[in-house]
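Quick notes on the structure that follows.
The values are calculated or read from the model by the stated rules, or taken from the named source; none is laboratory data. Quick caveat: nothing in here was measured; it's all calculated off a predicted structure. With ideal geometry, Cβ positions are generated from the backbone for all residues, glycine too; neighbour counts draw on all protein chains shown. Please note that ligands, DNA and RNA were not included when accessible areas were found on the heavy atoms of the full protein model with its side chains. Shrake-Rupley method; radii C 1.70, N 1.55, O 1.52, S 1.80 Å.
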Amino acid sequence: MTELSKAIVQVVLMSLGKEFQSKFYEFEFSKCHSPPESVEEKQVEGLGMHTDMSCVTIVYQDEIGGLQVRSKEGKWIDINPSEDTLVVNIGDLMHAWNTGKLRSSEHRVVLKRNGNRFSLAFFWCFEVRKTFQPRMKLWGKKITGCTRRLFVGII
Ligand SMILES: O=C(O)CCC(=O)C(=O)O
Ligand SMILES: [Fe+2]
């Protein structure tokens, strides 16, 4: 998963410009989710709206599905489960690093039918204790927003 995350980040960085490609670090942790075992007919929020603190998150969800992402307009879009498919979320670190050019995705999990849902999320961050400097300029334009140096740590 670390290698996959690195490959994803590299591709994302390539899209942002050449100098970005050499500037990424590694750190990993992962967790499993096991939301409530059964739900009523109506939709239940299994995991409330949030963004991930990671650089990128790789998510596997089983056929029960339920993962939704919020569009810029605030509309919830179903991420339909598909066999052999992983979902990649842009996280807060990536958002801050490129000062919002790639948006940290607001997402949630809703349960629409009964059954045990299984999902696995892999959160890939920069190396702990690394400091990074969000871009001051992007494609020649000065950036307003988060331009402070950021420190990756565990609290
Ligand atoms: O369970 C999922 O599909 C997503 C989990 C998630 O968004 C998270 O753990 O941050
Ligand atoms: Fe998440």
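Out of ARG117, ARG108, one residue alone is basic (Lys, Arg), modelled with pLDDT under 90 and more than 16 Å from LEU4 (Cβ to Cβ). It is ARG117. Look at (1) away from ligand 1 (no atom under 12 Å from the Cβ); (2) open to solvent by 20 Å² or more (accessible area, probe 1.4 Å) and you find that TRP97 fails only one, number (2). For region 73-117, how many residues meet the condition of being within 16 Å of ligand 2 (Cβ to nearest atom) and either in contact (Cβ under 8 Å) with a residue 24 or more places away in the chain or in a loop (DSSP other than H, G, I, E, B) (or both)? Adding up the residues that qualify gives 24.
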